[in-house]
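**Q** Once you've had a glance at the structure underneath, I'll fire off some questions.
The values are calculated or read from the model by the stated rules, or taken from the named source; none is laboratory data. These numbers come from a predicted model, not from an experiment. For neighbour counting, all protein chains shown are included, and Cβ atoms are generated from backbone atoms with ideal geometry for every residue, glycine included. Accessible surface is based on the protein model in full, side chains and every heavy atom, while ligands, DNA and RNA are left aside. Shrake-Rupley method; radii C 1.70, N 1.55, O 1.52, S 1.80 Å.
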Amino acid sequence: MNDAIPGSLDELTPAWLTDVIRREALGRPDTVVGEVATTVLGTGAGFAGELARLAPVYEQGGGPTSIVAKIPT
């Protein structure tokens with residue numbers, strides 16, 4: 001498990017998200033995230049970082065259908 005906190009939304013990979021979901025017991029132990037759909041929620045004035053909704057697509061197992069990610073800049 002890579003404990004590094006992502007520095008950008010691009011670093012929120014399926015492998016990273018699989019590790020987090022398994023470690024935090026948010027899904028089954030056999031959960032595998034195949035892809036992550038990212039929708040940016042905020043940019044510009046008033047946002048000091050990146051804010052997005054993540055929608056994991058599971059190859060195996062399961063977990064949350066939507067996750068909000070906030071990445072400081």
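**Q** How many percent of the accessible area of the stretch 6-73 is carbon or sulfur, using a 1.4 Å probe? All intermediate terms of the calculation are to be shown ahead of the outcome.
**A** Numbers: 2210 of 4100 Å².
Carbon with sulfur: 54 percent of the solvent-accessible area.
**Q** Follow-up. With the other protein chains left in place, how much accessible area per residue, in square angstrom, belongs to the chain at a 1.4 angstrom probe? The partial results should precede the final answer.
**A** Numbers: 4620 Å² over 73 residues.
For the chain, the solvent-accessible area averages 63 Å² per residue.
**Q** Still on this structure, please answer the following. Tell me, what HN-Hα J-couplings in whole Hz come from the Karplus equation 6.51 cos²θ - 1.76 cosθ + 1.60 at θ = phi - 60° for each residue of the stretch 9-22, using x for Gly and Pro?
**A** 4, 4, 7, 7, 7, x, 5, 5, 5, 4, 4, 5, 4, 5
**Q** Still on this structure, I have one more. Taking only C-alpha pairs under 8 Å that are 6+ residues apart, what is the relative contact order of the chain in percent? Can you show the working numbers first?
**A** Working: 129 pairs, mean separation 22.2, N = 73.
Rounded, it is 30 percent for the chain.
**Q** Extent of the chain along each principal axis, from alpha carbon coordinates, in Å, largest to smallest?
**A** Largest to smallest, the principal-axis extents are 41, 22, 17 Å.
**Q** Continuing with the same structure: Residue separation times 0.36 nm, minus the C-alpha to C-alpha distance between Thr65 and Asp19: what's the value?
**A** On the way: separation 46, 0.36 × 46 = 16.56 nm, distance 1.58 nm.
Fully extending the segment from Thr65 to Asp19 adds 15.0 nm.
**Q** Which FRET efficiency value, to the nearest 0.05, do you get for Ile5 and Arg53 by plugging their Cβ-Cβ distance into 1/(1 + (r/R0)^6) with R0 = 22 Å? Walk me through the numbers before you get to the answer.
**A** Numbers: r = 18 Å, r/R0 = 0.84.
Here the calculated transfer efficiency is 0.75.
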